[in-house]
Amino acid sequence: MTPERRLEEHLARWLGQWPPPAAGITVVGEPRRLAPGWDGRLHPVLGVARPGGDGVLSVPPPHVAAVTREYGRPAGAAIPELVGFPGRGWFTALFRWSAKPAELPDTGVWVPADGDGVPAWLRPFGGEVLVARDPDTGEHLAGVGVKRHDEHGHELAVVTEPQARGLGLARTLVAQAARRVLDEGAVPTYLHDPGNHASAATADSAGFPDLGWTAFGLTEARE
């Protein structure tokens, strides 16, 4: 299966339908919006749009009619209220994926997410996470967690410690993780805030081009 086909399969599972059946944003009901996601939190609204604005907005099945009637496109501030999450913030991100990660050297090692020395932010990802450590001191420098949304799509998240920024670790780790995801039969995806230029540069350098796709939605707040 090609990475492009894997992406289609992933989006169909993740959102409940893909590709978009019509122009503009199609609102669909998906039971997974009522179940905990990779992080144990609810993600009650989730959408992806291609260049030009065609896409799918996935919401809990009971709310399809209301969201479709009032907000056929992801522009309404009242969507959180419509789906029962008033006051929650709406996110918009650039949605990227890679069919051919950059040919960069491996700079990290895969370790259990609950292993010794793994920082707290990486532990919720579960499974194995990719980390880079100082070869002399063993100090954690940067890491990548994998959001295993389904068997077809794995989203990568990277964080570099302040003292290690500027060393190129983020791009090499993301490329290394992307190669493993592809080897495992999934497509690697990467989301970031449109205004995060450092994250955009990491994605570009690691082989995740900006093709004009966006993701948007709503995530349950942490307790």
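The values are calculated or read from the model by the stated rules, or taken from the named source; none is laboratory data. A quick note: this is a predicted structure, and the numbers were derived from the prediction, not measured. Quick reminder, even Gly has a Cβ in these numbers, built from the backbone with ideal geometry, and neighbours come from all protein chains shown. The area values use the complete protein model at the heavy-atom level, side chains included, leaving out ligands, DNA and RNA. Shrake-Rupley method; radii C 1.70, N 1.55, O 1.52, S 1.80 Å.
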To the nearest 0.05, the calculated FRET efficiency linking Glu103 and Asp150 through their beta-carbon distance, R0 being 22 Å, is 0.20
For Val187, residues with placed amide H under 5 Å, excluding near neighbours: Gly153, His154
Helix-only mean residue ellipticity at 222 nm for the chain, each DSSP H run of n ≥ 4 adding -39500 (n - 2.57), per residue, nearest 500: -6500 deg cm²/dmol
Assign unit charges at the C-beta atoms only (+1 for Lys and Arg, -1 for Asp and Glu), then state the dipole size of segment 103-223 relative to its Cα centre in Debye, rounded to the nearest 20. 140
Quick one: pull the percent of accessible area on the chain belonging to carbon and sulfur, 1.4 Å probe, ligands and nucleic acids left out. 52
Round to the nearest 10 and give me the degree value, 0 to 90, for the angle of helix 3-15's Cα axis relative to the longest principal axis of the chain. 50
Expected output is a single nm value to one decimal: the length gained when fully extending between Arg41 and Asp136, i.e. 0.36 nm times separation in residues minus the C-alpha distance. What is it? 30.4 nm
Alpha-carbon Rg with Dmax, taken over segment 128-217, Å: 13.3, 43
Give, in nm to one decimal, the length gained when the segment between Ala78 and Trp110 is fully stretched (0.36 nm per residue of separation minus the Cα-Cα distance). 7.3 nm
Counting Lys and Arg as +1 and Asp and Glu as -1, each charge on the Cβ, what is the dipole of the chain about the Cα centre in debye, to the nearest 20? 580
Rounded to 10°, Cα long-axis angle of helix 169-183 versus longest principal axis of the chain: 70
Given [x] 158; [y] 277; [z] 125, the label whose value is volume of the Cα convex hull per residue in Å³ derived from this model: [z]
Counting Lys +1, Arg +1, Asp -1, Glu -1, what net charge surrounds Val129 among other residues with beta carbon under 15 Å of its beta carbon? -3
How tilted is helix 197-206 with respect to the longest principal axis of the chain? Cα atoms for both, answer in degrees (0 to 90, nearest 10). 70
Per DSSP loop assignment and a cutoff of at most 14 other beta carbons within 10 Å, the chain keeps its longest run without exposed trypsin sites (Lys or Arg not before Pro) at 42-164
Taking the solvent-accessible surface of protein heavy atoms with a 1.4 Å probe, what is the per residue accessible area of segment 81-223 in Å²? 47
For Gly55, list long-range residues whose amide hydrogen, built 1.01 Å from N in the peptide plane, is under 5 Å from its own amide hydrogen. Gly24, Ile25, Thr26, Arg50
Please compute the length gained on full extension between Asp183 and Arg50, using 0.36 nm multiplied by the number of residues separating them and subtracting their Cα-Cα distance. 45.3 nm
